[in-house]
Amino acid sequence: MRKTIFNLFSITIIFVLFSLGTWQLYRLQWKENIINKIEVFSKLPPISFDINSIEEFKKIKINGKLLEKNYFLYQLNEKGNYGFNLISVLQTDNSNFFLVKRGWLPKIEKKYEENYPSETANNVEIEGTLYLVKPKRNFVPENSNKEKFYYYLDIGQLSKSLNVQLEPYLIEQSSPDKYFVNLKNTSRINITNNHLQYAITWYVLGFCILIAFWFLKKRYK
């Protein structure tokens, strides 16, 4: 009985390790496709926004008006300094609603909380890159009503509070902000692709345990 349990346990571990290696190879191909897509779009000029041809990583030019209320999203900058991204809601001419990441601030200030009615806020043209709004990660804290900022963007909750349907995309603004001129643009794409190393690691571990299992079976048969 003990021998049977040992055999089943060893075979299960070997199967899991090889499965993890194969999964990492699929992830490798998926990540390479994303990187290639980013490289292609990065070389193209911004195009006029079309809701029917919306696609992540595209550079677009979009017109509309900024809703009054702004939001602050916690994020460290490239130097690891504590700060916030200023997030606004843009209503397009066709009444689509998008979140816009306008730039980075070292601290929350009252003047950034609202877009006061003006020609600038009611008629804006923004150039930027489209990104899907990412779901909350495991170790990111929950958003709290006691805070003046968010740890992550919750499309469902924001849509409900605004009584509109937000698109699941974030426009990362690259053009200078005409309303808040002191915003720092933090636009950068840095995607690592280490899945080949991960796959090799899992396969090597699998082979090591397979050899050890074969050696023990041969020795104690």
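Please treat every number below as a calculation from the coordinates, not as lab data. Just so you know, these numbers come straight off a predicted model, no measurement behind them. Cβ coordinates were reconstructed from backbone atoms using ideal geometry, including for glycine residues, and neighbour counts include every protein chain displayed.
Within the stretch 89-98, the set of residues being buried (at least 19 other Cβ atoms within 10 Å of the Cβ) and over 15 Å from residue 174 (Cβ atoms) comprises 89 only. Residue count for the stretch 29-46, restricted to those that are of a type in the set (Val, Ile, Thr) and touching a strand residue (DSSP E or B) at 6+ places or on another chain (Cβ under 6 Å): 0. Evaluated against (1) over 20 Å from the mean Cα position of the chain (by Cα); (2) without any contact (Cβ under 8 Å) to a residue 60 or more places away in the chain, residue 20 falls short on exactly one condition, (2). Screening residue 118 with (1) under 19 Å from the mean Cα position of the chain (by Cα); (2) surrounded by fewer than 18 Cβ atoms within 10 Å (Cβ to Cβ) gives one miss only, at (1).
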